[in-house]
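S.K.: Pasting in a structure now, in structure tokens, and then I'll have a few things to ask.
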Amino acid sequence: MRWLRDGATLCPKMTLAPAAGLVAVLGSVVYMVALAPVSGVYGGRDPDEVIAHIRARWRGYVISQVLFAAGALITALGMALLAVHLADANGPLLPAAGAIAMLLGGAMWAVLSYDRTLNFERFFREYGRFPISAWAWLVLTGIGLVIYGFLLPGSDYPDWIAPVTWLLVALQVGGAIFFPKQVPPQIYYAATLLIGIVAFVAPTSVGNI
């Protein structure tokens, strides 16, 4: 991951951790606002009503899926950059595992967004029975966030970030299993938003560039 660290010279006034945090915050916000163009689509309404709503607001629906995919991928990139910083205090293996899990999870959500665009009728008629890409996103992103929960306190970040991150992961996973139509996927991105803010504003003596 040295090439990522060397790339920080392009922004000499900002160390890698704040830059990574800023990217994670940006991605998390993009993901969270992705619902805005199609409010009322999700939540277990009658499939025929939802499909008719999407057809009436097709452009907004497509924009929403693009924002969902972009938000997931940008967030994963920010978290991967943060892993480069965390490797200085934790060794390379665990940060690399966390980064790979987040990147793969983001890619799985992009696949899901693509599928929801091309096959939206099937998706909403089977709403609550998630496709493989959704479960892969849930598992991979959850594993990644759990790993970051272990890594951050060891790099001079606040100790409370770990239990808060793990709580949000538990809420997201539990909601997906027991309340798949009611619990939004934005819970994971509340965790990445929080981590991004902490990485951006919290001083740390570990791994400064």
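The values are calculated or read from the model by the stated rules, or taken from the named source; none is laboratory data. The structure displayed is predicted, hence computed values, not measured ones. When we count neighbours, we look across all protein chains shown, and the Cβ atoms used for this are built from the backbone with ideal geometry, even at glycine.
S.K.: Please determine whether any residue of segment 112-124 is within 30 Å of Pro47 (Cβ to Cβ), out of contact with any His (no Cβ under 6 Å at 6 or more places or on another chain), crowded, with 17+ Cβ neighbours inside 10 Å and of a type in the set (A, V, I, L, M).
M.R.: Yes, because at least one residue in segment 112-124 is within 30 Å of Pro47 (Cβ to Cβ), out of contact with any His (no Cβ under 6 Å at 6 or more places or on another chain), crowded, with 17+ Cβ neighbours inside 10 Å and of a type in the set (A, V, I, L, M).
S.K.: Here's a follow-up. Hey, can you tell me all the residues within segment 173-207 that are of a type outside the set (A, V, I, L, M), surrounded by 14 or more Cβ atoms within 10 Å (Cβ to Cβ), closer than 30 Å to Pro47 by Cα and modelled with pLDDT under 95?
M.R.: Step one: of segment 173-207, the residues of a type outside the set (A, V, I, L, M) are 174-175, 178-182, 184-186, 188-189, 192, 196, 200, 203-205, 207.
Retained after the next criterion (residues that are surrounded by 14 or more Cβ atoms within 10 Å (Cβ to Cβ)): 175, 180, 184-186, 188-189, 192, 196, 200, 204, 207.
This time we only want the ones that are closer than 30 Å to Pro47 by Cα, so: 175, 180, 184-186, 188-189.
Matches in segment 173-207: Gly175, Pro180, Pro184, Pro185, Gln186.
Residues are listed down the side, and each one gets a yes or a no for (1) of a type in the set (A, V, I, L, M, F, W, C); (2) in a helix (DSSP H, G or I); (3) crowded, with 17+ Cβ neighbours inside 10 Å; (4) touching a Cys at 6+ places or on another chain (Cβ under 8 Å):
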residue	(1), (2), (3), (4)
Glu49	no, yes, no, no
Gln65	no, yes, yes, no
Ala69	yes, yes, yes, no
Ile74	yes, yes, yes, no
Met79	yes, yes, yes, no
Val84	yes, yes, yes, no
Ala87	yes, yes, yes, no
Gly98	no, yes, yes, no
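S.K.: Is it the case, given these coordinates, that Ala107 is closer than 20 Å to Trp135 by Cα, of a type outside the set (Phe, Trp, Tyr), assigned to a helix (DSSP H, G or I) and within 13 Å of the chain's Cα centre (by Cα)? Don't jump to the end; show me each part of the working.
M.R.: Values: closer than 20 Å to Trp135 by Cα: yes; of a type outside the set (Phe, Trp, Tyr): yes; assigned to a helix (DSSP H, G or I): yes; within 13 Å of the chain's Cα centre (by Cα): yes.
Answer is yes for this residue.
S.K.: Of the residues Leu118, Leu138, Leu93, Leu112, only one is of a type in the set (A, V, I, L, M) and within 22 Å of Leu194 (Cβ to Cβ); which?
M.R.: Values: Leu118 fails: within 22 Å of Leu194 (Cβ to Cβ); Leu93 fails: within 22 Å of Leu194 (Cβ to Cβ); Leu112 fails: within 22 Å of Leu194 (Cβ to Cβ).
None of the other options fit; the residue is Leu138.
S.K.: How many residues are touching a Ser or Thr at 6+ places or on another chain (Cβ under 7 Å) and at pLDDT 95 or above if we restrict to segment 16-48?
M.R.: Qualifying residue count, segment 16-48: 4.
S.K.: Residues that are in contact with a Lys or Arg (Cβ under 7 Å, 6 or more places away or on another chain) and of a type outside the set (S, T, N, Q): does segment 127-137 have at least one?
M.R.: Initial filter on segment 127-137 (in contact with a Lys or Arg (Cβ under 7 Å, 6 or more places away or on another chain)): 127-128.
From the residues that got through so far, the ones that are of a type outside the set (S, T, N, Q) too are 127-128.
Yes, some residue in segment 127-137 is in contact with a Lys or Arg (Cβ under 7 Å, 6 or more places away or on another chain) and of a type outside the set (S, T, N, Q).
S.K.: So, one more: Tell me which residues, restricted to segment 136-157, are of a type in the set (Asp, Glu) and surrounded by 22 or more Cβ atoms within 10 Å (Cβ to Cβ).
M.R.: Filtering segment 136-157 for residues of a type in the set (Asp, Glu) gives 156.
Across segment 136-157, there are no qualifying residues.
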